[in-house]
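Asker: If you scroll down you'll find the structure; I have some questions about it.
The values are calculated or read from the model by the stated rules, or taken from the named source; none is laboratory data. No experiment lies behind these values; they were computed from the predicted model shown. Positions of Cβ are backbone-derived with ideal geometry, glycine not excepted, and every protein chain shown enters the neighbour counts.
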Amino acid sequence: MNDQTSLKYIPHEKSEKGNGYNIYKRGGIERFKEIQALHREQNWSMKQIEQYFATGGESFKPEPEKKAGELIAEELKAIREEMAALREENKQMKEQLDNQETINKEFVIPGIQQIKGEVSSIRGSIECDKELDESNRAAKEAKQLIAAANENPDTNLDKQKKGLFARLFGK
């Protein structure tokens, strides 16, 4: 215990001889015993004891300081509660993932496969359209050759036919 704190709340008198000794009467000794009991038996700190005497002991009822074991137990309880909350959150997230996986299997994957089939069909149609365009160009060219042949009757008909077939079939 701090002597200055103790002396502040323990009534005493200074020795008249001037030797610096403190003289305690019955009230001072009782107060000292009270401070000692609060400090040792109830485990109050000196600041708690000072507050107790400063307020007359009525308005202040300090809680005893918690021991290390109690503090650790409280911390463990808080950690366990947090872990339980995290487990619950993890469980909910797993359920959401399972639901999403089910949706993927039932809708998304078949949809993607259908789209792939449609893309293949579209590509086939594009190739077919290209072949039709080529045929149309060849037919147009043939018509132009026939029209040109009809305009020049002087040319040999066999040469024109041979030229037309050569152009159409590359011979």
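Asker: For residue 96, only one of the following conditions fails: (1) surrounded by 11 or more Cβ atoms within 10 Å (Cβ to Cβ); (2) under 33 Å from the mean Cα position of the chain (by Cα); (3) among the polar types (S, T, N, Q). What is its number?
Answerer: (1)
Asker: Let me ask another. Name every residue in region 127-151 that is more than 14 Å from residue 169 (Cβ to Cβ), hydrophobic (A, V, I, L, M, F, W, C) and surrounded by 10 or more Cβ atoms within 10 Å (Cβ to Cβ), in order of residue number.
Answerer: 128, 132, 146, 148, 149, listed by residue number.
Asker: Across region 1-50, what is the number of residues that are under 21 Å from residue 67 (Cβ atoms) and either at pLDDT 80 or above or surrounded by 13 or more Cβ atoms within 10 Å (Cβ to Cβ) (or both)?
Answerer: 14
Asker: Also: Name the residue, out of 77, 67, that is of a type in the set (Lys, Arg) and modelled with pLDDT under 85.
Answerer: It is 67.
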